[in-house]
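Report on one structure; see the data block that follows.
Just so it is clear, none of the values below were taken in a lab; they were calculated from the coordinates. None of the values given here were measured: they were computed from a predicted structure. We place every Cβ from the backbone using ideal geometry, glycine too, and count neighbours over all the protein chains shown.
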Amino acid sequence: MDRMQISRRQVLAGALGAASAMALAGCTAGGGTREAATVQFWHLLSGGDGITMQGLIDTINDAHQDFFIRPTVLAWGAPYYTKLAMAGAGGRAPELAVMHASRVPGYVPGGLLDPWDLNRLAELGVDESTFSEPIWEASQVDGELYSVALDAHPFIALYNTEICEEAGVLDSDGRLLRPDNPDDFLQMCREIAGVTGNHGLSYGFLADGTQMWRLFYGLYCQHGEQMSFSQTDGVDFNEDTFVAVLEFMSQLADGEIAARQGTIDFAIAEFAAQESGIHFTGVWELPTMREAGVPLGATMIPPIFGQEAVYADSHSFVLPHQMDPDDELRDYAYTFVAELLSNSLDWAGAGHIPAYQPIIEDPDYAELSPQAEYAEAADHIVYDPVAWFTGSGSNFVQDFGNIVGNTVVSGSGFDEAAENFRRHIEDILERPNPADPEETQI
Amino acid sequence: MTDVTADRSAVAPEPETVEEGPGISTAGRTRGQARRANQLIAWAFLAPFMLAFFLFVIWPLAHGIYLSMTDQSLTGAGGSFIGLENYAEALSDPVVWTSIRNTVWFTVISTIPLVLFALVMALLVNTGLPGQWLWRLSFFMPFLLASTVISQIWMWIFNPEIGVANEILTTFGFEPIAWLQTEHIDLISITIATVWWTVGFNFLLYLAALQNIPEHQYEAAAVDGAGRWRQLFSITLPQLGPVTVVVLVLQALASLKLFDQAYQMMNGGSSDTSRPIVQYIFEAGFVGYRFGYASAISYIFFALIVIVGIFQMTVLSRRKGN
């Protein structure tokens, strides 16, 4: 018994010693190696995007002795926005963070973000002229610049060039045809399905509000209309258009054109296995498909309802609110952002369209294939309707999925879905913005 | 929870029995002084626990009640006192009711198979099948996995286009099902995954109880001419009564807490027939930023658990009385 106790103590003491040694080692590795100011930077980019971002950060860190960007990577979606909001609310947020542009309008009224200083950005070569119009506009809230876009990541159509060629749906340049009405598009997909013997189109939407909303809102805006939700003017959208788009989506999920019950994972797996010709997806799937060896082309989703409109969001840099900002660290954050933008050609490699125009105009970018094929999308981007409750990872997109999901699968109940959607938005608008219940800033 | 705290506070009087024991000198002190001193020592030993209990149970509980009467936002905004408005809104919010219904329904449809399957599995293993360790390991193994792992495994099994579940269905000529994406079926799918995941724990409790039944009772029964089935119903099952109560109590409380596997398997989004109340609290507070409102819902849920707890205690005390 005694022997056992001694040995247990020894083990504990040993473990404690080892732990403190490790903690000490951690300290020296973090702070002792260089005398640089640490700029905290939060982002939500994981997977391939995360690796690319880390590469860009490393390049900039290596080039500067005076500061050091320390990234903290958090999981995409609701959890990220929870943590960022709490950090901003506490006033001790990181110097810099990445947000989806569509979430910015919900953050500003609560005072969770600080605006960018246009003059300082201009000194670093970043101003209105270096962004496309829709992207620059989406960065503004109440006339102030709250976000600096790194990219636009639209929801597009990837296509398998070999399958599509066999189906005869490529033009003389070897690019996917772009039908301008629903029937032609459906027919094109059927021809592809004839070649694959499976589906023509991979589109994962089942029980996935985010995926449904991405396609839905792009197609909605192809009618030349946009939705608007406002606490003062109420809900404004066209129910006929709403129904037409849902009807079209349910025609896609007919089991021949696309799977009746395709989930997002299934759609990715199907297109990667070359069992379909077209994949409706975000540009961020490009590296995955390339690695899977798919002969790849990419285009904006055709103007099926007449006009060009591409649903997108942007990864944007924001300055989370700090009670007592350190001017020096803030300035380093500006420098970092400016340098990252001018290095964002690498970011384009991951599929995203760089927001910084000088990169788009760079001849090297024109050589990126298939990225250059959809660069034009930057001029036709539509973001989420501006409201405090919309945006990536919000409850809004999930609720949308719950409201319309069954209609897409069953092919009926579209009018009722439109009515339910209106009522749902009206309910939300009746409540104050939880980030600003007193509505001090609206 | 209440059971655990009751057990711990029951420890408090113990020093008194030590006091009477040999080897502790009470010379020179009156009985009353010694008792007081011992009580002080008892409190001193209890202090760390009491401190933690106050900080992490009592204080959050009290603060939560206060929060539920404010429009506090996660972003730090709000915080003004609004009385019972949140409660009024919650009680008229259909999602609160559907998610409570989902949680209760899940508790019912998960607890029953979790008790029955565990019992059957334990009985089978206890018959002395060869390779005991293998059975024990296989039945218990899933319980050791994290909920995230379980969710991933079952999301693929349930994949409507390429999942194993539909493969089996279509092999036998049935129509494929969108397991996690069809209303009403989604919660059943989550239940199936949960049963597979956690049945091993109940199985282990039952197996331990079975192995505690003295062998001589079976021998005596055999001598009296009782067959295997008679032994099962007259000896085994009656003696498993107490452990069944434990399993039921633990299981009902665990099922009411449903969140992780449901949240993960539904990819963070849920239908009206699968969203558990805990997830709605999470959505209201952490995604929708409405801390006050989320607190109010959680107290309504708390009331529900208290009712279940009182019901269980009544049933338990009646059993003891018998």
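Descriptive notes on the structure:
- Overall, the protein assembly as shown carries a charge dipole of about 6020 debye about its Cα centre when +1 sits on the Cβ of Lys and Arg and -1 on the Cβ of Asp and Glu, all other atoms neutral.
- Cα long-axis angle, helix A:327-342 against chain A (0 to 90 degrees, to the nearest 10): 40
- Note on chain B: helix-only mean residue ellipticity at 222 nm, from DSSP H runs of 4+ residues weighted -39500 (n - 2.57) and normalised by residue number, equals -21500 deg cm²/dmol.
- Listing B:Met313, A:Met53 from fewest to most neighbouring C-beta atoms within 10 Å gives B:Met313, A:Met53.
- Each label was represented as a point 7 Å from its Cα along the Cα-to-Cβ direction; for B:Ala47 and A:Arg431 these points are 4.5 nm apart.
- By other beta-carbon atoms within 10 Å, ranking A:Glu416, A:Glu95 with the fewest at the front produces A:Glu416, A:Glu95.
- Relative contact order (%) - chain B, alpha-carbon pairs under 8 angstrom, separation at least six: 27
- Where labels lie 7 Å past Cα in the beta-carbon direction, separation of A:Leu368 and B:Val108 in nm: 5.6
- Between the listed residues A:Pro320, A:Ala338, A:His352, the Cα displaced farthest toward the positive end of the dipole of segment A:269-352, a dipole computed from Cβ unit charges relative to the Cα centre, is found at A:His352.
- Net charge dipole size for segment A:64-151 [Lys, Arg +1 and Asp, Glu -1 on Cβ; Debye, nearest 20]: 620
- Computed [θ] at 222 nm, helices only, for chain A once each DSSP H run of length n ≥ 4 contributes -39500 (n - 2.57): -13500 deg cm²/dmol
- Relative frequency of Cα-Cα separations exceeding 21 Å in segment A:281-429, percent: 63
- Pair-distance profile P(r), taking every C-alpha pair of chain A, with 10 angstrom steps and integer %: 4, 20, 28, 23, 14, 7, 3, 1, 0
- Helix A:182-196 and the long axis of chain A differ in direction by around 80°, with both axes built from C-alpha atoms.
- Computed on the Cα trace of segment B:88-321, the radius of gyration divided by the Kirkwood hydrodynamic radius gives Rg/Rh = 1.04.
- Span-like helix ranges in chain B, DSSP H, alpha carbon extent 27 angstrom or more, Kyte mean at least 1.0: B:94-126, B:185-211, B:291-321
- Projecting the Cα positions of A:Val126, A:Ala37, A:Val169 onto the charge dipole of segment A:30-169 (unit charges on Cβ atoms of Lys, Arg, Asp and Glu, taken about the Cα centre) puts A:Ala37 furthest along the positive direction.
- Segment A:His424-A:Arg92, extension gain: residue separation times 0.36 nm, minus the distance between their alpha carbons: 116.0 nm
- For A:Phe67, distant residues with modelled amide H under 5 Å away: A:Ala37
- Magnitude of the charge dipole, chain A, Cβ model with Lys/Arg +1 and Asp/Glu -1, debye to 20: 2260
- Estimated from the Cβ-Cβ distance and a Förster radius of 56 angstrom, the FRET efficiency linking A:Thr38 and A:Ala273 is about 0.80.
- Overall dimensions of segment A:260-363 by Cα: Rg and Dmax, Å: 18.5, 56
- Taking the charge dipole of segment B:88-321 about its Cα centre, with +1 at Lys and Arg Cβ atoms and -1 at Asp and Glu Cβ atoms, the residue from B:Phe139, B:Phe233, B:Asn166 reaching farthest to the positive side is B:Phe233.
- Computed extension length for B:Leu84-B:Arg230: 46.7 nm, one decimal, from 0.36 nm per residue of separation with the Cα-Cα distance subtracted.
- Acute angle (nearest 10 degrees) that the helix A:47-63 long axis makes with the longest principal axis of chain A, alpha-carbon atoms: 50
- Percent of Cα pairs in segment B:247-322 per distance bin of 5 Å, from zero to the largest separation: 3, 14, 20, 19, 18, 11, 7, 5, 3, 1, 0.
- Averaged over the residues of peptide B:54-67, the number of Cβ atoms from other protein chains lying within 10 Å of each residue's Cβ is 0.
- Per the Kirkwood formula applied to alpha carbons, segment A:153-254 shows a radius of gyration over Rh ratio, Rg over Rh, of 1.03.
- Proximity of backbone amide H atoms, modeled 1.01 Å from N, is registered between A:Tyr356 and no other residue at under 5 Å, excluding neighbours fewer than 5 places apart on the same chain.
- Alpha-carbon Rg with Dmax, taken over segment A:52-91, Å: 13.4, 35
- Stokes-Einstein D in µm²/s, Kirkwood radius over Cα pairs - segment A:98-160 at 25 °C with 0.890 mPa s viscosity: 190
- nm² value of the averaged projected area, convex hull over the Cα atoms of segment B:221-288: 6.8
- Of every Cα-Cα pair in segment B:160-261, the percent that sits beyond 16 Å: 70
- Within 10 Å of the Cβ of each residue in B:286-297, the mean number of Cβ atoms contributed by other protein chains is 4.
- Exercise: per-residue mean of other protein chain Cβ atoms within 10 Å, A:258-268: 4
- Estimated FRET transfer efficiency when R0 is 60 angstrom, pair B:Trp156-B:Met313 (beta carbons, to 0.05): 0.90
- Using bins of 10 Å that start at zero, the share of Cα-Cα pairs per bin across segment B:190-234 amounts to 23, 33, 24, 17, 3, in whole %.
- Legend: ranking of residues A:Ser369, B:Ser147 from fewest to most surrounding C-beta atoms inside 10 Å; resulting order A:Ser369, B:Ser147.
- For the protein assembly as shown, pairs of C-alpha atoms spaced more than 36 angstrom apart make up 56 percent of the total.
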